[in-house]
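Right, one structure below, let's go through it.
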Amino acid sequence: MSTLTWTPDAPGELLPGWRAADVAAADAARLATGVDLMAVAAHALAGRCAALLRERAGGVSGRAVVLLVGPGNNGGDALLAGASLRRRGAGVTALLLADRAHEGGVAGLRAAGGRVIRPHPDDEADLHHAADLVRDADLVVDGVLGIGARGAVRGAAHDLLERVALRGGAVVACDLPSGLDPDTGALSGPVLPADVTVTFGAAKAGLLLPRGRHVVGELVVVDLGLEEHLPDPALHLVRDGGAPDLPGPHVAVRWPRPWRDADKYARGVLGVAAGDDRYPGAAVLACSAAAASGVGMVRYVPADGRAAAVDPVGPLVLRAVPELLVQPLADVGRVQAWVVGPGVSEPDDPRVRHVLEEADEPAVVDAGALQAAARLTREGTLRRPDRLLLTPHRGELERVAGVLGLERREDAVDTARDVVARTGAVVLLKGADTVVLTPEGRTTVVPGGPPWLATAGAGDVLAGVAGALLAAGTAPGRAATLAAHVHAVAAHRASRGGPLHAALVADEVRGVVADALGARVPGEGLASGGAPVLWDDGARD
Ligand SMILES: NC(=O)C1=CN([C@@H]2O[C@H](COP(=O)(O)OP(=O)(O)OC[C@H]3O[C@@H](n4cnc5c(N)ncnc54)[C@H](OP(=O)(O)O)[C@@H]3O)[C@@H](O)[C@H]2O)[C@@H](O)CC1
Ligand SMILES: Nc1ncnc2c1ncn2[C@@H]1O[C@H](COP(=O)(O)OP(=O)(O)O)[C@@H](O)[C@H]1O
Ligand SMILES: [K+]
């Protein structure tokens, strides 16, 4: 489960993240204006450390603080923050874990009365003593590596982190948890999971990506006035409503609402080409979730062009959603969007061919239709890929990449980016967290549901929610982000810490959307406001 939270007053529906090189360049440009950025950073770091000490240890004065100090400016930040904590009465010990350390920082800490120790990397007794200091500390500040890091932590810092990785006390990471790659979030070597990460100038992308997010704890972004020096962010993270079971302002602002005099057709009609004799439940789940998401009408299209009267799946779907229409492919009425693939086991299912090669409407392409989309891309006959939202999990993504002949990548997000570039479609990559990537280059991370959501049929529910949004005219990238977020929040509600099954998630969707639409949007009064909202299809996120 995600542990990353924002400081409560952080503005915005989405938290942007930047590449380390872009932040470093912005730092440099800002430094050139004569601002002492390190002083600002260290002051903010000390403030958050003091607050955490008050929360966890009942005060600052007399409490034991240990600084883990690496060779660069990251260590410098930690040392200067330590000096400030020492002036507030804490006992502060710096462990210098590299062959050099920020000189001004060391001098500052010494001047404030702090202790400075340099454990010898090859001396067992030294490392043992250092590990004891870390274990006994009320607070540890991780200032080993920041955005200058390359790979796993090396040397004495590595040995020490390995010994103390499972300690129980409070940890504040300076800029980022050392060992976390600031661009990809990959963790290498021992990493001390932080209770709070105080990051400087701008959130680094790796802090927001699935692999990194879980060691970041609460994320505090310290304003260093970098805005005008930063390029477009590398990615965005969707914010929840303050708890995992509360929808965030993103939904309140962007979920499509009906006009006052809307009729069912204007609301959007969704065609669901899902389920067959082997997987009838997928059709039930996708249709139920679509209905719960506020679609105007669902047309369920059975397998093999069967008429409703002889299709065995139709009655099951009708029992769950009595208001939908069962219509064979040959007779299906107009739709504004499709869901194709959930529970489709035949590679040559005519429903898949129709949606991918003949239709013009936007479509969620899931499960049994994904490989066909890849094959048609290769053959050059995939129709209008810009209307498509592909929703693979990791295994499906690998298979899609294989059919496309793409080079193997270590990180699934990189593979997904390659698939987007090759197909021209939006990709929603499922997993513990969800990542949405668009052909325009936008990457959005959606915090996931509880691990209980890793259950059969959960993806069919997601496809139904996303399909309903497409039918209402929401652009594929935005629909993907909204659907993944509502799905995750619904799963948290269905689980309440315990097991769930997919149909329960579909049941929660309606309440999540209703809560989101009734929610107050910061600075904008009531989100729903009583007035109709026009949804622009051009928006990309
Ligand atoms: N710029 C600014 O204006 C501001 C910057 N600020 C702060 O500065 C931080 C960036 O500082 P930085 O550039 O000195 O890099 P940092 O991460 O401290 O150390 C890198 C050094 O470590 C070494 N090293 C690398 N990998 C290693 C490994 N795996 N294991 C062991 N060692 C490794 C490598 O040395 P090398 O191995 O190359 O000799 C390199 O020299 C930033 O995160 C923020 O906290 C703030 O004060 C705000 C203003
Ligand atoms: N470890 C996990 N924690 C939280 N959510 C998960 C985890 N693993 C998968 N999920 C989510 O569960 C759903 C599973 O979808 P999918 O694999 O397509 O299932 P199915 O095909 O059976 O419907 C996705 O929404 C995915 O993001
Ligand atoms: K650090």
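The values are calculated or read from the model by the stated rules, or taken from the named source; none is laboratory data. Given the structure is predicted, the values throughout are model-derived calculations rather than measurements. As a convention, Cβ positions derive from the backbone with ideal geometry for all residues, glycine included, and neighbour counts pool all protein chains shown. Heavy atoms of the whole protein, side chains included, go into the accessibility calculation; ligands, DNA and RNA do not. Shrake-Rupley method; radii C 1.70, N 1.55, O 1.52, S 1.80 Å.
Report yes if some residue within the stretch 182-190 is buried (at least 22 other Cβ atoms within 10 Å of the Cβ), at positive phi and within 12 Å of ligand 1 (Cβ to nearest atom); otherwise report no. Step through it out loud before you land on a result.
The first filter runs over the stretch 182-190 and keeps only residues buried (at least 22 other Cβ atoms within 10 Å of the Cβ), leaving 182, 185.
With the extra rule that they be at positive phi, the set shrinks to 185.
The next check asks that each one be within 12 Å of ligand 1 (Cβ to nearest atom); those that pass are none.
No, the stretch 182-190 contains no residue that is buried (at least 22 other Cβ atoms within 10 Å of the Cβ), at positive phi and within 12 Å of ligand 1 (Cβ to nearest atom).
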Name the residues in the stretch 129-143 that are part of a strand (DSSP E or B) and of a type outside the set (Gly, Ala, Ser), would you? LEU139, VAL140, VAL141, ASP142
In the stretch 291-331, the residues that are assigned to a helix (DSSP H, G or I) and in contact with a Phe, Trp or Tyr (Cβ under 7 Å, 6 or more places away or on another chain): GLY314, VAL317
Considering each of THR444, THR455 in turn, give the residue that is in contact (Cβ under 8 Å) with a residue 40 or more places away in the chain and more than 25 Å from VAL253 (Cα to Cα). THR455
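Open to solvent by 20 Å² or more (accessible area, probe 1.4 Å) and within 22 Å of LEU80 (Cβ to Cβ) - does that describe any residue in the stretch 146-165? So that I can check it myself, show each step before the final result.
Within the stretch 146-165, the first condition is being open to solvent by 20 Å² or more (accessible area, probe 1.4 Å), and the residues that meet it are 147-148, 150-152, 154-155, 158-159, 162-163, 165.
Narrowing further to those that are within 22 Å of LEU80 (Cβ to Cβ): 147-148.
The answer is yes; a qualifying residue exists.
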Please determine, by comparing only the residues of the stretch 489-508 that are part of a helix (DSSP H, G or I) and touching a Leu at 6+ places or on another chain (Cβ under 8 Å), which one is farthest from ligand 1 (Cβ to nearest atom). ALA503
Determine the pairs where a residue that is without any contact (Cβ under 8 Å) to a residue 40 or more places away in the chain and of a type in the set (S, T, N, Q), located within the stretch 489-511, has a partner that is open to solvent by 20 Å² or more (accessible area, probe 1.4 Å) and in a helix (DSSP H, G or I) with Cβ atoms under 9 Å apart, the partner being 6 or more residues away or on another chain. none
Look at VAL216 and say whether it is open to solvent by less than 40 Å² (accessible area, probe 1.4 Å), farther than 29 Å from GLY168 by Cα and in contact with a helix residue (DSSP H, G or I) (Cβ under 8 Å, 6 or more places away or on another chain). no
Could you identify the single residue in LEU139, LEU97, LEU80 that is over 21 Å from ARG63 (Cα atoms), under 34 Å from the mean Cα position of the chain (by Cα) and in the same structural domain as ARG163 (by TED's automatic domain parsing)? LEU97
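Matching residues to (1) near ligand 1 (Cβ under 9 Å from one of its atoms); (2) among the hydrophobic types (A, V, I, L, M, F, W, C); (3) at pLDDT 95 or above; (4) closer than 29 Å to ARG239 by Cα:
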{"position": "ASP9", "(1), (2), (3), (4)": "no, no, no, yes"}
{"position": "GLY12", "(1), (2), (3), (4)": "no, no, no, yes"}
{"position": "ALA20", "(1), (2), (3), (4)": "yes, yes, yes, yes"}
{"position": "GLY58", "(1), (2), (3), (4)": "no, no, yes, no"}
{"position": "GLY62", "(1), (2), (3), (4)": "no, no, yes, no"}
For the stretch 57-105, what are the residues that are more than 15 Å from ligand 3 (Cβ to nearest atom), aliphatic (A, V, I, L, M), out of contact with any strand residue (DSSP E or B) (no Cβ under 6 Å at 6 or more places or on another chain) and more than 17 Å from ALA41 (Cβ to Cβ)? ALA57, VAL60
Single residue of the stretch 103-127 satisfying the filter (in a helix (DSSP H, G or I) and touching a helix residue (DSSP H, G or I) at 6+ places or on another chain (Cβ under 8 Å)) that is surrounded by the fewest Cβ atoms within 10 Å (Cβ to Cβ): ALA111
Note: among VAL172, VAL153, VAL164, VAL191, just one is over 23 Å from the mean Cα position of the chain (by Cα) and within 12 Å of ligand 3 (Cβ to nearest atom), namely VAL153
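Among the residues in the stretch 479-488, are any in a helix (DSSP H, G or I), open to solvent by 40 Å² or more (accessible area, probe 1.4 Å) and either under 20 Å from VAL339 (Cβ atoms) or at pLDDT below 95 (or both)?
Within the stretch 479-488, none of the residues are in a helix (DSSP H, G or I), open to solvent by 40 Å² or more (accessible area, probe 1.4 Å) and either under 20 Å from VAL339 (Cβ atoms) or at pLDDT below 95 (or both).
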Within the stretch 456-479, of all residues that are within 12 Å of ligand 2 (Cβ to nearest atom) and either out of contact with any helix residue (DSSP H, G or I) (no Cβ under 6 Å at 6 or more places or on another chain) or assigned by TED's automatic domain parsing to the domain that holds GLU13 (or both), the one nearest to PRO16 (Cα to Cα) is GLY459
When you check GLY34 against the structure, is it within 16 Å of ligand 1 (Cβ to nearest atom), assigned by TED's automatic domain parsing to the domain that holds ASP195 and either assigned to a helix (DSSP H, G or I) or in contact with a Pro (Cβ under 6 Å, 6 or more places away or on another chain) (or both), yes or no? no
